[in-house]
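Shown next, in structure tokens, is the structure this report addresses.
The values are calculated or read from the model by the stated rules, or taken from the named source; none is laboratory data. Just so you know, these numbers come straight off a predicted model, no measurement behind them. Cβ: placed from backbone, ideal geometry, glycine included. Neighbour counts: every protein chain shown. Side chains included, ligands, DNA and RNA excluded: accessible areas come from the protein's heavy atoms. Shrake-Rupley method; radii C 1.70, N 1.55, O 1.52, S 1.80 Å.
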Amino acid sequence: MNVGDRHYRTIWPSDDGRSVEIIDQRWLPHDFRIEKIDTVAGIATAIRDMWVRGAPLIGVTAAYGVAMQMADDPSDAALDAVWATLHETRPTAINLRWALNEMQRFLLTLPLAERAAAAYRRAGEIADEDVGLNRAIGAHGLEIIKAIAARKQPGEPVNILTHCNAGWLATVDYGTATAPIYLATEAGIPVHVYVDETRPRNQGAQLTAWEMAGHGVPHTLIVDNAGGHLMQRGQIDMVVVGTDRTTADGDVCNKIGTYLKALAADDNDVPFYVALPSPTIDWTVGDGLAEIPIEQRSPDEVSLVWGKTASGEIAQVRVSPEATPAANPAFDVTPARLVTGLITERGVATASREGLRAMFPERG
Ligand code: MRU
């Protein structure tokens, strides 16, 4: 998507044929910085410390990490080692494992001398595929927005609640949950987005809000606790969120707080949609609550908050007493029964084993 009048993806290969450049998301919305990364260690740090984040983007970044490893040492042992190093950086988003498996499966079929070049090529293809998947999600989600708009007065906006950032910054381009919003805006359908701030890391306040502002989408930032209240007052027409891992039974693991939004939506008959590319489906898992590892991030993310001071400095402040311990589970699981539909690249599936199998019959 555009930053100013220039089109960017979140990650792209540098001209030197080895490194990648990324938008360093730690500084947004205050500062737009690009970082060049040329080592596996650098890729691991960028994923773990959330210079890049969002399930699809983590997967693509890891694929480029594998390519860097192949440029240094294309052996099977090195491939196993980079798989393990990058896999442990963030445990919940399944796209990471998907991309690592995909790179490994592909590279193992090739002679050592061909692996480095092929790995960069395949990582680039995975990045391009992500863009295509998101465009397709956008087209299917657009139909949902159109149907809601048709039931409203002409010119009255469709009010959409989002949580976390499942926008273009969480992917290579377009985003998952935001792709239908961008396409609706392009189609001239009035939308208004309520952006959950999404504590503790504030991906909504910092990233989704920045995206919406950058593309002229009318939006309002709300605290995480306001969503239920707005739904009770009829101010939300639909919720659309992303996901870091959706199970074969349709349970949805996503940023902490998603479950509470789904409960409130259910209580108020507000449709609750989840937008996801198929690499986010973990076909090996059925019961999300029992089987998905939930990343426990640093308590500092709860106790300390980043922001811009009046003097323009980007700084961290403490919001709780020094002596107060904090816990920071980064994701939760929304049971399939609370999900109205899964917006995939192939269409909108019901959140169930049958619904997903009907959409992806090749999964058996
Ligand atoms: O911890 P993050 O910022 O990497 O969280 C991931 C997310 O952005 C969300 O959970 C998102 O809604 C799913 S990824 C499209």
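Students sometimes get this wrong: rank Arg297, Arg90 by accessible area, probe 1.4 Å, all chains present, largest first. Display every interim value, and only then the final one.
Working: Arg297 35, Arg90 15 Å².
Descending order: Arg297, Arg90.
Taking amide H atoms as placed 1.01 Å from N in the peptide plane, the amide H of Val193 lies under 5 Å from those of Ile160, His219, Thr220, each 5 or more residues away in sequence or on another chain.
Leaving out ligands, DNA and RNA but keeping every protein chain, what accessible area does Thr185 have, in Å² rounded to the nearest 10, with a 1.4 Å probe? Approximately 50 Å² for this residue. Computed from point charges on the beta carbon alone (+1 for Lys and Arg, -1 for Asp and Glu), the dipole magnitude for region 2-129 about its Cα centre is near 300 Debye. Computed with every protein chain present, the accessible area of Leu110 is close to 40 Å² [probe 1.4 Å]. Applied to region 77-82, the Karplus parametrisation 6.51 cos²θ - 1.76 cosθ + 1.60 on θ = phi - 60° returns per-residue 3J(HN,Hα) values of 5, 5, 5, 4, 5, 5 Hz, with x for Gly and Pro.
Helix 112-150 axis versus longest C-alpha principal axis of the chain: approximately 10°, rounded to the nearest ten.
How much accessible area per residue does region 92-166 have, counting only protein heavy atoms and a probe of 1.4 Å, in square angstrom?
Values: 3170 Å² over 75 residues.
In whole numbers, region 92-166 has 42 Å² accessible per residue.
State the three equivalent ellipsoid semi-axes of region 97-183, derived from the C-alpha gyration tensor as the square roots of 5 times its eigenvalues, in descending order and whole Å. Walk me through the intermediate numbers first.
Details: eigenvalues 298, 24, 16 Å².
Semi-axes (√(5λ), whole Å): 39, 11, 9.
Quick one: if the Förster radius is 25 Å, what FRET efficiency do Leu289 and His87 give, using the C-beta to C-beta distance and rounding to 0.05? Walk me through the numbers on the way to the answer.
Details: r = 22 Å, r/R0 = 0.89.
Given R0 = 25 Å and the Cβ-Cβ separation, E is 0.65.
In what sequence, largest accessible area first, do Ser75, Ser311, Ser303 appear using a 1.4 Å probe? Each step should come with its number before you reach the end.
Details: Ser75 35, Ser311 100, Ser303 5 Å².
These residues rank, largest area first, as Ser311, Ser75, Ser303.
For region 156-244, a/c is not less than 1.5, where a ≥ b ≥ c are the root eigenvalues of the C-alpha gyration tensor, and a/b does not top b/c. That puts it in the oblate class. Among the protein heavy atoms, those of Ile126 account for about 10 Å² of accessible surface (1.4 Å probe, every chain in place). Our Cα-only numbers for region 100-139 put the radius of gyration and Dmax at 12.6, 41 Å.
All C-alpha pair distances within the chain, sorted into 10 Å bins from zero, spread as 5, 25, 34, 25, 9, 2, 0 percent across the bins.
Please give the net charge around Met231, taking every other residue with its beta carbon less than 11 angstrom from that of Met231, where Lys and Arg add +1 and Asp and Glu add -1. Don't skip to the answer; put the middle values down first.
Values: positive: Arg233, Lys261; negative: Asp237, Asp266, Asp267, Asp269.
In short, -2.
The share of Cα pairs per 10 Å bin across region 123-172, counted from zero up to the longest distance, runs 21, 39, 28, 10, 2 percent.
Check the straight Cα-Cα distances from Lys255 and name the lysines below 28 Å, setting aside those fewer than 8 residues away within the same chain. Leaving aside lysines fewer than 8 places away in the same chain, those within reach of Lys255 are Lys36, Lys146, Lys308.
Each Lys and Arg contributes +1 and each Asp and Glu -1, all at the Cβ; summed about the Cα centre of the chain, the dipole is approximately 520 debye. What does the charge count around Ala265 come to, taking other residues whose C-beta lies under 15 Å from its C-beta (Lys +1, Arg +1, Asp -1, Glu -1)? So the surrounding residues net to -4.
Within the same chain, aspartates and glutamates fewer than 8 places from Lys152 are excluded, and of the rest, those with a Cα less than 14 Å from its Cα are Asp237.
At a Förster distance of 35 Å, what's the computed FRET efficiency of Asp72 paired with Asp49, Cβ-Cβ distance as r, to 0.05?
Working: r = 22 Å, r/R0 = 0.63.
After rounding to 0.05, the efficiency reads 0.95.
For the pair Thr324 and Thr309 in one chain, pulling the backbone fully straight at 0.36 nm per residue adds 3.0 nm over the alpha carbon distance.
Near Met50, no amide H atom lies under 5 Å from its own; only residues 5 or more places off or on other chains count, and H is placed 1.01 Å from N.
Residue separation of Asp15 and His30 scaled by 0.36 nm, minus their Cα-Cα distance, works out to 2.7 nm of gained length.
Annotation: amide H of Asp244 within the under-5 Å range of Cys253, Asn254, Lys255, sequence separation 5 or more or interchain, hydrogens built in the peptide plane. Here the 3J(HN,Hα) profile of region 313-328, calculated from phi with Karplus coefficients 6.51, -1.76 and 1.60 at θ = phi - 60°, is 7, 8, 9, 10, 10, 8, 10, 10, x, 3, 7, 8, x, 10, 10, 9 Hz, Gly and Pro shown as x.
Over all directions, the average projected area of the alpha-carbon convex hull for region 2-129 comes to how many nm²? Spelled out: convex hull of the Cα atoms, projected over all directions, averaged, 7.5 nm².
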